Amino acid sequence: MMREKWLGSLLLLVFGIFTRALGAFVGINIGTDVTNLPPASDIVAILKANQITHVRLYDADSHMLKALSNSGIEVIVGVTNEEILGIGESPSAAAAWINKNVAAYLPSTNITAVAVGSEVLTAVRNAAPVLVSAMNYLHKALVASDLNFQVKVSTPHHMDIIPRPFPPSTATFDSSWNSTIYQILQFLKNTNSYYMLNAYPYYGYTKGNGIFPIDYALFRPLPSVKQIVDPNTLFHYNSMFDAMVDAAYYSIDALNFSGIPIVVTESGWPWFGGAKEPDATVENAETFVNNLIKRVLNNSGPPSQLNIPINTYIYELFNEDKRPGPVSEKNWGVFYANGSAVYSLRWGASDQITGNSSVVFCVAKPGADSDKLQNGLNWACGQGQANCTAIQSGQPCYNPDTLENHASYAYNDYYQKKHAVGGTCDFDGTATTTTIDPSNGSCKFTGSSSLSTTGGFSPATALGPTNPMDGSSSSILQAPEFLYLMSATFLVLVLLCPGGPSSFLPS
C-alpha cells in the first residue's frame, strides 16, 4: 500500500508539473434550458470572441458538436442522467453512445472527456447502482475505438457527498456512499482520469448560518483576526473555494487513493435572486467570477496540493430561465442570449475585459447559398474595396478555409468602412448583422475592440507556446516552464523504465 500511494503521489506530481508548464485554464458550462437559445454557430462565436478554450456540454447535442468543429476548443460531452440506466445495463448501448456522440465527431471536434451524468449520487439515486458500470462500459467502448488516451471518462460530484468539509484535513465522503465512491476512485485511478467536483462557495456561504464571512466566499482578503486556518495542518485558506477543493483531496486520501487530480466542473455565483436571496447580486457575481478566474490562472493548487493547478469551468454561459426552483436558479449566466455580458469579465492574465459591445459586425448567414456567397465575396473584395489580404493563404484569417468564413471577413471589412456612407449588410440576402465579435485568435475582424492597429488584422508573430486565455505568444519557453517540462520528462522516464519506479525503492 505504501508503494502504491508513493506511485500515486508521483503521478499526481507529474500531472501537476505538466499542467503548470502548460498553464491552468478556465472553461465554461453551456446549459440549454434557455427560452431563446442562440444557434450553435452564434454560441461558438461568443466563445471565440472571448477566447474561451474549454467548454462542458450537459449532453451531446449534434448542432453544438458540429459547430465546435475545427474551433480547437476542448469539449466535455455529457451523458444525461436519464441515459445512465440504459448505458449502465448494456455494453452495446454504451458502444452505440460513443460511436454516435464521440467517435463520429473526432478529430475535428476536440472532445477530451465524457461526463457521465451530473451529481448522480445526490440527484438521481436510482441510477447510482449502475453508475460505475456505465463508466466502465463507456471506457471499454473508447478502448475499442482506440480513443481512450484522448477521451477520459468521469462523473461530476456535488460537495454534499462530503458532509463536513471543514476543516479540510478531516473531511471524508458520506460513509453511506463509500462502496460506490471507492469503485469510482478505483476506475479513475485505473484509467488515468480525474475527479470532477462541483464546488459552489455561494451555497457554502448562504447555507453556512453565518459561520464564514462573505469575503471568504468571494476571494476577498480577510483581516488578520479572521484568518481561516485548519487546526490540524495549520494551513491558511484564503478562500472557501480552495478549502472545498482540499476537502475533496483529503476525502480521496481517506479512502487510501492518491494520484487522482481534481477538476472543478462547476463553480459560479448567481447575479439575481428573490426576496430571500439577498446575496445573489450583480456586484457579488462579478466579484466572485473575476476573482475565480484570477485565482485559477495563478497556476497553483490548494494548500495540500500546491503544485496541482485547479482547472475550473464557470457555471454558466447563459441564464437558464426555464430552470425550476428559486429565482437565483435562473440567473447564473455571464452572458445574455444576444452575446452581451451580464457584467464586466476579465478573461485571462492580460485582463481582457468583456462588456456590452456597441459595435455591430456584418457576417455571412449560416447555410447561405454558396453561389450567392461567392458572388458576394468577389464583389466585396473587388468593387466593394474591402481589404481581403487577411483571408489569403498564409494570412491570419485564412483558416478555417471555408467560403462562409472568408465571406464573413470581407463582408465585415466592407461594412465597417462603408456603413457611414450608406453601405449595407445584405449581399443578396447572404449577410446579417451581429454584436458578437467574430474575431478568433490572431484573426481580428475590422471594428473589433481587440485590434491594436487599423487594417483588419494583427501582424503575424513568431509561433510559440500560447496562454489559452490571453492569446499571448512567445517564441521560446520561459525558464520556469522549461524546468517544469524537463522535470516532468525525467519523471516519466523513471515511470517507464524497465524496473519501474519500484526499482528506486528499498525492497
Seminar exercise, completed: Glu266 passes all but one of the listed conditions (1) within 18 Å of the chain's Cα centre (by Cα); (2) part of a helix (DSSP H, G or I); the exception is number (2)
Exercise. So which pairs qualify, if the first residue must be in the stretch 316-342 and at pLDDT 95 or above and among the aromatic types (Phe, Trp, Tyr), the second must be open to solvent by 10 Å² or more (accessible area, probe 1.4 Å) and in a loop (DSSP other than H, G, I, E, B), the Cβ gap must be under 6 Å, and the two must be at least 6 apart or on different chains?
Worked result: Phe318/Val34; Phe318/Ala337; Trp332/Tyr315
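Tally the residues that are part of a loop (DSSP other than H, G, I, E, B) and either touching a strand residue (DSSP E or B) at 6+ places or on another chain (Cβ under 6 Å) or closer than 18 Å to Asp215 by Cβ (or both), restricting the search to the stretch 232-242.
2
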Problem set entry | Complete set of residues in the stretch 151-172 that are more than 23 Å from Val55 (Cα to Cα) and open to solvent by less than 20 Å² (accessible area, probe 1.4 Å) | Ile161, Ile162, Pro168, Ala171
Problem set entry | Scope the stretch 384-399; condition of a type outside the set (Val, Ile, Thr) and surrounded by 20 or more Cβ atoms within 10 Å (Cβ to Cβ); matching residues | Gly384, Ala386, Cys388, Ala390, Pro396, Cys397
For this session: Looking for whichever is in contact (Cβ under 8 Å) with a residue 60 or more places away in the chain and small (Gly, Ala, Ser) here; the options are Gly268, Gly273, Gly208, Gly204. Which one fits?
Result: Gly268
Exercise. Can you name the residue in the stretch 123-150 that is buried (at least 22 other Cβ atoms within 10 Å of the Cβ) and within 23 Å of the chain's Cα centre (by Cα) and is also farthest from Gly268 (Cα to Cα) among such residues?
Worked result: Leu142
For this session: Pick out the one residue from Ala368, Ala407, Ala420 that is at pLDDT 90 or above and of a type in the set (Gly, Ala, Ser).
Result: Ala407
For this session: Hey, could you check the stretch 1-22 for residues that are buried (at least 20 other Cβ atoms within 10 Å of the Cβ) and within 19 Å of the chain's Cα centre (by Cα) and say which is modelled with the highest pLDDT?
Result: Ala21
Seminar exercise, completed: In the stretch 43-88, residues that are in contact with a helix residue (DSSP H, G or I) (Cβ under 8 Å, 6 or more places away or on another chain) and of a type in the set (Phe, Trp, Tyr) total 0
Exercise. Limited to the stretch 243-260, what total is found for residues that are open to solvent by 10 Å² or more (accessible area, probe 1.4 Å) and in a loop (DSSP other than H, G, I, E, B)?
Worked result: 5
Exercise. Residues in the stretch 209-229: is at least one closer than 30 Å to Ile184 by Cα and either out of contact with any Ser or Thr (no Cβ under 9 Å at 6 or more places or on another chain) or open to solvent by 30 Å² or more (accessible area, probe 1.4 Å) (or both)?
Worked result: no
Exercise. From the residues in the stretch 29-86 that are among the hydrophobic types (A, V, I, L, M, F, W, C) and open to solvent by 50 Å² or more (accessible area, probe 1.4 Å), which one is farthest from Gln150 (Cα to Cα)?
Worked result: Leu37
Exercise. Name the residues in the stretch 261-280 that are charged (D, E, K, R) and open to solvent by 30 Å² or more (accessible area, probe 1.4 Å), would you?
Worked result: Lys276, Glu277, Asp279
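For the stretch 106-121, give me each residue that is farther than 14 Å from Ile73 by Cβ, in contact with a Leu (Cβ under 8 Å, 6 or more places away or on another chain) and part of a strand (DSSP E or B).
Val114, Val116
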For this session: Determine whether the stretch 189-203 contains at least one residue that is farther than 19 Å from Glu119 by Cβ, open to solvent by less than 40 Å² (accessible area, probe 1.4 Å) and not hydroxyl-bearing (Ser, Thr, Tyr).
Result: no
For this session: Select from the stretch 417-434 the residues that are part of a loop (DSSP other than H, G, I, E, B) and open to solvent by 60 Å² or more (accessible area, probe 1.4 Å) and write down the one among them that is farthest from Ala49 (Cα to Cα).
Result: Asp428
Exercise. If you go through the stretch 285-326 one residue at a time, how many are in a loop (DSSP other than H, G, I, E, B) and within 16 Å of Leu345 (Cα to Cα)?
Worked result: 5
Problem set entry | Exclusive hit being open to solvent by less than 60 Å² (accessible area, probe 1.4 Å), within 30 Å of the chain's Cα centre (by Cα), within 22 Å of Ala49 (Cα to Cα) and aromatic (Phe, Trp, Tyr), set Tyr414, Tyr409 | Tyr409
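The values are calculated or read from the model by the stated rules, or taken from the named source; none is laboratory data. Bear in mind the structure is a predicted one, so any value in this text is a computation, not a measurement. As a convention, Cβ positions derive from the backbone with ideal geometry for all residues, glycine included, and neighbour counts pool all protein chains shown. Note: areas computed on protein heavy atoms with side chains; ligands, DNA, RNA excluded. Shrake-Rupley method; radii C 1.70, N 1.55, O 1.52, S 1.80 Å.
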